[in-house]
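Down below is the structure, laid out as structure tokens.
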Amino acid sequence: MAESWSFLDTFEPNFRPLVVIELAKGTKEETIDWFTKRIVDKKANGGAQLLVKPLVTENGNENIYLVGASHLRLLLGAETVGLVKECNDNSMRTFTYSSRKTFKDFADDNHNFLTMAEGQYIIKHELENLRAKDEKMIPGYPQAKLYPGKSIVRRLLTSGILVQIFPLHDREELKKLRHSWYGQIKVGYQPLDEIRCYFGETVALYFGFLEYFTFALIPMAVIGIPYYVFAWEDYDKYVMFATFNLLWSTVILEVWKRICSIMTYRWGTLLMKRQFEEPRPGFHGVLGINPVTGREEPLYSSIKRQIRIYLVSLPFVCLCLYFSLYVMMIYFDLEQWALDYHEENESNFSSLMLFVPSIIYAVVIEIMNRIYRYAAEFLTSWENHRLESSYQNHLVLKVLVFNFLNCFASLFYIAFVLFDMKLLRQSLATLLITSQILNQFAESLLPYWLQKRHKKRMKKRMCSLKTDVDLSLVEQINLEKEMGTYFGTFDDYLELFLQFGYVSLFSCVYPLAAVFAVLNNITEIYSDALKMCRVYKRPFAEPTANIGVWQLAFETMSVISVVTNCILIGMSPQVNALFPDSKMDLILTVALVEHLLLAIKFIMAFVIPDKPRDIQIKLAKLEFESLEALKQQVRATDMYNSEK
């Protein structure tokens with residue numbers, strides 16, 4: 001590897017821009033020279049060894065720089081980040097430059113061996129790992145302090161010198177993807193392999209899960225409609241429906257694991273080694289040597305991090321939870337006011353007023369969730385987690401706890417304190433439908449409308465320019481740099497998680513929840529595809545082997561739904577009539593049924609393998625071959641030492 005870097009040349013006759021760097025207007029020349037020098041410098045000198053070219057327009061250099069890399073540089077970068085590619089024998093193996101000839105479709109002149117998304121991911125990895133060595137500050141900006149180990153890109157961003165870094169769209173490939181993805185209304189599967197090649201595995205897995213979850217909801221929706229129509233008030237008839245719901249929630253999550261492993265093995269990310277993750281760009285500390293990898297990287301005391309978590313973050317989260325409960329009690333006061341108003345007037349208007357408190361509360365919930373999300377991101381970043389996976393786990397935990405309480409606390413209060421099934425049904429329906437409408441408007445319709453307006457203005461402006469430069473590239477960059485930024489799949493998974501809660505927690509009260517969820521998800525697939533291709537900048541690809549901590553979140557929700565539905569059934573008048581003399585017998589019976597259902601869930605989770613048999617065999621074979629290769633390497637080393 002070291003020899004390969006030394007022979008790497010930064011010259012590339014056919015420069016292909018992959019990533020755009022936009023610096024603030026008025027950025028000092030010495031800063032630009034220093035930053036671009038660090039980007040093109042040799043790896044041995046602490047640089048990224050990439051290619052940089054300024055974007056020159058009629059108005060001169062607008063502090064926009066195009067970043068690319070030579071074919072050799074990208075191949076060596078693919079080995080550094082541990083990309084997995086398909087070999088000539090159809091097996092999946094970690095790419096190494098020394099064994100490049102053994103990989104399918106590889107040729108020295110084939111520059112499409114790595115996808116554009118993989119090349120952009122490699123460049124992003126190298127830029128994020130540009131770290132200060134001896135510099136005390138950003139040249140030209142004494143207030144922007146640096147210290148050994150500090151991420152240069154991170155400091156430039158926080159200082160306002162660097163505006164943004166984003167990957168360029170491939171206009172021809174995007175046009176093909178749009179046509180096959182949402183360009184025609186059809187009943188069929190999404191082109192997940194094409195989505196993965198263009199946007200990366202993280203985005204493709206989200207759309208795969210969204211599609212799978214939508215299909216999995218159809219049986220619940222089909223069964224729920226007749227229950228809603230013919231057995232509206234008879235809760236004893238919901239026992240079979242609730243039982244089916246509980247088993248359904250377990251089966252779909254276990255089957256998803258198998259489908260996920262099949263896809264990620266085909267994409268290569270199931271084999272990627274993540275145990276030695278690079279420090280995340282926002283991580284800062286004193287530059288030192290990692291005792292495990294032996295690499296130079298920032299080090300930060302775990303004790304300091306724990307103090308920040310338990311003495312600052314935890315009290316703040318508890319305070320927010322208390323505020324959420326306080327708002328919930330205000331909502332119940334409004335419900336009581338609306339009920340009193342209806343009893344006094346009994347008109348069509350007063351009947352409509354009964355739904356107003358729930359609608360207002362649903363809107364307030366969405367606003368509180370979004371405000372809390374920003375606070376949670378700030379706190380989690382301030383905690384200074386070393387790994388991106390650790391950062392995401394702490395962020396997801398904070399957000400899930402608050403969102404769960406904020407969205408479902410009122411429903412639990414109505415069900416188990418007020419014992420008002422009619423109000424529970426009304427509140428559940430209102431919260432579910434209102435949240436779906438608000439999310440569709442805020443996440444897709446509004447950004448799409450704003451983007452169309454901006455695109456029209458930019459086209460008029462570009463047509464008025466008379467320039468000899470590549471107008472299509474200038475136009476593309478000027479359009480894309482003003483587009484919104486896609487911040488990842490977090491909000492999308494959160495929306496599905498809350499939807500799963502609405503469907504599973506109180507299924508025996510409102511069986512139509514699955515119907516509304518299916519209708520919402522069908523439109524969600526098209527609206528999310530639209531926003532990925534037309535509204536937002538292209539996100540950097542992020543390799544992943546599964547949906548991460550969200551799998552555990554969905555499984556936890558399914559366990560809670562067992563307890564909730566069992567208690568609701570036990571509270572029904574029909575079930576209570578079976579135990580007229582002893583409430584203790586009723587409680588014990590409900591507890592027994594709940595434990596049996598939980599036991600069935602865990603047995604099913606244990607019996608259904610996470611990976612299909614053929615995938616298990618392929619992984620075991622690769623592990624065996626790796627051990628054999630290691631043994632041969634040790635024997636060769638021993639023989640060499642004995643001969644000396």
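The values are calculated or read from the model by the stated rules, or taken from the named source; none is laboratory data. Note that the structure is a prediction, hence the values are computed from the model and not measured. Please note: Cβ atoms are built from the backbone with ideal geometry, for glycine as well, and neighbour counts cover all protein chains shown. These area figures cover heavy atoms from the full protein model, side chains too; ligands, DNA and RNA do not enter into them. Shrake-Rupley method; radii C 1.70, N 1.55, O 1.52, S 1.80 Å.
Of the residues 217, 192, which single one is at pLDDT 90 or above, surrounded by 22 or more Cβ atoms within 10 Å (Cβ to Cβ), closer than 26 Å to residue 249 by Cα and not charged (D, E, K, R)?
After applying the criteria, what remains is 217.
Of all residues in the range 554-565, count the ones that are open to solvent by 10 Å² or more (accessible area, probe 1.4 Å) and either among the hydrophobic types (A, V, I, L, M, F, W, C) or closer than 19 Å to residue 203 by Cα (or both).
Looking only at the range 554-565, we keep the residues that are open to solvent by 10 Å² or more (accessible area, probe 1.4 Å), and these are 555-556, 559-560, 563.
So of that shortlist, the ones also either among the hydrophobic types (A, V, I, L, M, F, W, C) or closer than 19 Å to residue 203 by Cα (or both) come out as 559-560, 563.
Here the count works out to 3.
Any idea which residue in the range 103-127 is farthest from residue 282 (Cα to Cα), counting only those that are touching a helix residue (DSSP H, G or I) at 6+ places or on another chain (Cβ under 6 Å) and open to solvent by 10 Å² or more (accessible area, probe 1.4 Å)?
The residue in question is 106.
Output the number of residues of the range 53-69 satisfying the condition of being crowded, with 18+ Cβ neighbours inside 10 Å and either at pLDDT 90 or above or within 22 Å of residue 543 (Cα to Cα) (or both).
Qualifying residue count for the region: 6.
When the range 297-312 is examined, which residues are found to be of a type in the set (Phe, Trp, Tyr) and surrounded by 13 or more Cβ atoms within 10 Å (Cβ to Cβ)?
Initial filter on the range 297-312 (of a type in the set (Phe, Trp, Tyr)): 300, 310.
Listed by number, the list holds a single entry, 300.
Only one of these is more than 16 Å from residue 500 (Cα to Cα), assigned to a loop (DSSP other than H, G, I, E, B), in contact (Cβ under 8 Å) with a residue 12 or more places away in the chain and not small (Gly, Ala, Ser): 227, 189. Name it.
Residue meeting the stated conditions: 189.
Which of the residues spanning the range 24-39 are touching a residue at least 40 places away in the same chain (Cβ under 8 Å), under 33 Å from the mean Cα position of the chain (by Cα) and assigned to a loop (DSSP other than H, G, I, E, B)?
24 - this is the single residue of the range 24-39 that is touching a residue at least 40 places away in the same chain (Cβ under 8 Å), under 33 Å from the mean Cα position of the chain (by Cα) and assigned to a loop (DSSP other than H, G, I, E, B).
How about the range 106-143: which of its residues are closer than 21 Å to residue 161 by Cβ, of a type in the set (S, T, N, Q) and touching an Asp or Glu at 6+ places or on another chain (Cβ under 9 Å)?
Across the range 106-143, the qualifying residue is only 129.
Go through the range 313-352 and give me each residue that's in contact with a Phe, Trp or Tyr (Cβ under 8 Å, 6 or more places away or on another chain) and open to solvent by 60 Å² or more (accessible area, probe 1.4 Å).
Within the range 313-352, 334 is the sole residue that qualifies.
Hey, among 381, 350, which residue is part of a helix (DSSP H, G or I), among the polar types (S, T, N, Q) and under 17 Å from the mean Cα position of the chain (by Cα)?
Being part of a helix (DSSP H, G or I), among the polar types (S, T, N, Q) and under 17 Å from the mean Cα position of the chain (by Cα) holds for just one of 381, 350, which is 381.
In the range 577-595, what count of residues is obtained for those that are open to solvent by 100 Å² or more (accessible area, probe 1.4 Å) and at pLDDT 85 or above?
5
Could you list, in sequence order, the residues of the range 159-189 that are under 30 Å from residue 145 (Cβ atoms) and open to solvent by 40 Å² or more (accessible area, probe 1.4 Å)?
Hits for the range 159-189 are 159, 160, 163, 165.
Can you tell me which residues in the range 70-96 are farther than 21 Å from residue 41 by Cβ and either touching a residue at least 60 places away in the same chain (Cβ under 8 Å) or crowded, with 18+ Cβ neighbours inside 10 Å (or both)?
Answer for the range 70-96, where residues must be farther than 21 Å from residue 41 by Cβ and either touching a residue at least 60 places away in the same chain (Cβ under 8 Å) or crowded, with 18+ Cβ neighbours inside 10 Å (or both): 82, 83, 84, 85, 86, 91, 92, 93, 94, 95.
Restricting to the range 413-436, count the residues that are modelled with pLDDT of 85 or more, touching a helix residue (DSSP H, G or I) at 6+ places or on another chain (Cβ under 9 Å) and open to solvent by 50 Å² or more (accessible area, probe 1.4 Å).
Qualifying residue count for the region: 4.
Being out of contact with any strand residue (DSSP E or B) (no Cβ under 9 Å at 6 or more places or on another chain) and open to solvent by 30 Å² or more (accessible area, probe 1.4 Å) is the filter here, so list the residues in the range 526-544 that pass it. Spell out how you get there, then give the answer.
The initial filter retains those residues of the range 526-544 that are out of contact with any strand residue (DSSP E or B) (no Cβ under 9 Å at 6 or more places or on another chain), namely 526-530, 532-534, 542, 544.
Within the range 526-544, 526, 530, 534, 542, 544 meet the criteria.
Let me confirm something: among 491, 470, which residue is modelled with pLDDT under 90, over 23 Å from residue 246 (Cβ atoms) and within 18 Å of the chain's Cα centre (by Cα)?
Step by step, each of 491, 470 is checked, and only 491 is modelled with pLDDT under 90, over 23 Å from residue 246 (Cβ atoms) and within 18 Å of the chain's Cα centre (by Cα).
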